[in-house]
Amino acid sequence: MACRQFDKAADAISLPEAIRDRTKYPRRCLAVSLPVKRDDGSVTVVEGYRVQHNLSTGPAKGGIRFHEHVTLGEIGALAMWMSWKYSLVGLPYGGAKGGVIVDPSKLSETELEHLSRRYMQEMVNFIGPHTEVPAPDVGTNEKIMGWMMDTYSNHVGHISPAIVTGKPIAIGGSQGLREATGAGGAYLVKKYLADLKIPLSKTTVAIEGFGNVGNETALAHYGAKIIAISDYTGAFYNAEGIDLSRALKYVRYQKVLRDFDGAEPITNKQLLELKCTVLVPAALERVITDKNAAKLKCRVLAEAANGPTTNAADKIIDARGNIELIPDVLCNAGGVIVSYFEWLQNLSNFYWSRDEVLTKLFGILDQAKDAVDTQQKKFQFSRRLAALTLGIQRVADAKATRGLFP
Ligand code: GLU
């Protein structure tokens with residue numbers, strides 16, 4: 001999916017042959033076996049990956065995913081999208097991503113700590129504050145980033161907070177990072193709704209994936225009505241609006257939405273096809289496919305997840321012309337922007353207030369949105385093609401300018 005998107009974008013901007021493959025293929029990949037000592041004394045070996053797609057525009061950067069369906073190909077695609085995302089919003093990073101084939105909910109806290117520390121231990125010679133800076137992704141969180149930072153710091157012999165972002169505030173985390181991906185997405189949705197002249201008071205939202213990103217993208221604090229939410233245990237609908245704080249409280253105690261009593265149960269398939277103003281896929285890849293793209297009844301499709309729409313579905317949505325798609329590389333860029341702020345604060349040992357963080361975040365998103373909208377109008381591209389061509393062109397330009405070491 002990511003490679004075909006690249007080919008299409010490279011054709012659209014006539015990217016010279018000499019620079020195409022250099023821009024497209026990952027720079028390096030690492031696959032590791034991670035032995036984890038279990039609470040019962042046994043040892044389980046799990047497989048982990050790290051892919052650095054681009055190291056030409058700055059240190060590589062990207063999340064670490066703990067999920068049972070992780071594959072090397074998936075991590076490669078996600079690393080590639082990170083490159084275009086950083087480049088689109090003008091951050092001095094290259095794309096990277098990591099993953100471990102594991103269901104973190106099946107590990108105890110101690111086992112999770114062992115695994116996280118072991119993953120970092122295996123990466124020590126591959127990453128660094130100026131080489132590659134990991135961050136949270138699906139299945140990982142600030143606690144895990146804290147263990148990883150501690151492991152790396154012990155290895156180098158001094159505290160090294162800039163080795164990962166998304167840490168707890170007490171050890172160098174940034175104000176505003178936990179909610180940044182969703183807050184950035186919500187901010188962009190609000191701006192696109194204003195362009196469409198749809199008032200927030202008349203906006204209904206359906207969220208696929210009620211996790212850290214999904215619940216923040218909900219627009220509830222802007223006055224929209226959330227009519228549906230879901231996670232991997234079930235989907236729930238309430239035409240009158242779901243009480244967000246009640247759902248958040250439920251998930252805090254129950255961990256998942258299963259049996260949530262604040263709305264009617266529906267299927268995940270039904271959720272995606274609900275009539276709503278904004279549909280927010282906020283979990284994994286490939287949920288909007290050629291099977292459901294023609295049936296979507298939203299006005300705005302806000303891709304808070306990475307890669308939620310297949311290329312075949314993209315074509316259908318494009319042809320329909322009645323859905324405003326906010327592509328992933330723009331829609332969820334808020335997280336990486338504040339990750340960048342965290343890294344800057346760590347390197348300079350000078351910390352910013354939450355207001356400063358959010359003001360700077362929204363300023364960068366404004367610029368990125370304007371650039372995408374201009375590119376879209378100038379070349380009559382879809383919004384995704386506009387965003388990808390901008391991201392890809394900047395990486396290719398940097399590579400061409402640096403030249404090729406003989
Ligand atoms: N995992 C997040 C993403 O996919 C954030 C990565 C980062 O902050 O480096 O955008």
Checklist entry - With Cβ to Cβ distances under 11 Å as the rule, what net charge do the other residues near GLY62 carry (K, R +1; D, E -1)? => result +3
Next on the checklist: Solvent-accessible area of LYS167, probe 1.4 Å, all protein chains present, reported in Å² to the nearest ten, please.
Outcome noted: 10
Item to check | Probe 1.4 Å, all protein chains present, accessible-area order of LYS377, LYS369, largest first | outcome: LYS377, LYS369
Next on the checklist: Antiparallel versus total DSSP beta bridges in the chain: what percent is that, nearest 5?
Outcome noted: 45
Checklist outcome for this item: GNM of the chain, Cα pairs under 10 angstrom: of LEU188, LEU200, LEU390, the biggest fluctuation goes to LEU200
Checklist entry - DSSP H helices in the chain with Cα extent of 18 Å or more along the helix axis and mean Kyte-Doolittle hydropathy at least -1.0? => result 72-89, 142-156, 180-195, 333-348, 354-379, 383-402
Checklist entry - Sorted by average packing, counted as other Cβ atoms within 10 angstrom per residue and highest first, what order do 278-286, 250-258 take? => result 278-286, 250-258
Item to check | Prolate/oblate/rounded label for the range 313-406 (Cα gyration tensor, a/c 1.5) | outcome: oblate
Item to check | Candidates ASP21, ASP103, ASP40, ranked by Gaussian network fluctuation over the chain, Cα under 10 Å, top entry | outcome: ASP40
Checklist entry - Which value in deg cm²/dmol, rounded to the nearest 500, describes the helix-derived mean residue ellipticity at 222 nm for the chain, given -39,500 (n - 2.57) per DSSP H run of n ≥ 4 and division by the residue count? => result -14000 deg cm²/dmol
Checklist outcome for this item: Non-local residues with an amide H under 5 Å from the amide H of ALA60, with H modelled 1.01 Å from N and Pro and chain starts lacking one, are GLY94, GLU132, VAL133
Checklist entry - From the Cα gyration tensor of the range 16-114, with a ≥ b ≥ c the square roots of its eigenvalues, which class applies: rounded if a/c is under 1.5, or else prolate if a/b is larger than b/c, or else oblate? => result prolate
Next on the checklist: For the range 27-120, which chymotrypsin sites (Phe, Trp or Tyr not before Pro) pass both filters: DSSP loop (anything but H, G, I, E, B) and at most 13 other C-beta atoms within 10 Å?
Outcome noted: none
Next on the checklist: Cross-link candidates for LYS24: which aspartates and glutamates have Cα within less than 16 Å, leaving aside residues fewer than 8 places away along the same chain?
Outcome noted: ASP7, ASP11, GLU74, ASP397
Checklist outcome for this item: Expected field for HIS130, accessible surface area in Å² at 1.4 Å probe radius, rounded to 10, holds 130
Checklist entry - Just LYS378, LYS275, LYS225 to compare: in a GNM of the chain, with alpha carbon springs under 10 Å, which one fluctuates most? => result LYS378
Next on the checklist: What does the net charge come to around LEU72 if you take all other residues with beta carbon closer than 14 Å to its beta carbon, with K and R at +1 and D and E at -1?
Outcome noted: +2
Checklist entry - Setting aside same-chain residues fewer than 8 positions from LYS255, which aspartates and glutamates have a Cα under 12 Å from its Cα? => result ASP231
Checklist entry - So how exposed is HIS221, as accessible area in Å² (1.4 Å probe, rounded to 10)? => result 120
Checklist entry - Which net charge results for the neighbourhood of TYR253, defined as the other residues with beta-carbon distances under 14 angstrom from its beta-carbon, given Lys and Arg at +1 and Asp and Glu at -1? => result +3
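The values are calculated or read from the model by the stated rules, or taken from the named source; none is laboratory data. This structure is a prediction, so every number in the text was calculated from the model and none was measured. Positions of Cβ are generated from backbone atoms using ideal geometry, with glycine treated the same way; all protein chains shown enter the neighbour counts. Keep in mind that these areas ignore ligands, DNA and RNA; they rest on the heavy atoms of the full protein, side chains included. Shrake-Rupley method; radii C 1.70, N 1.55, O 1.52, S 1.80 Å.
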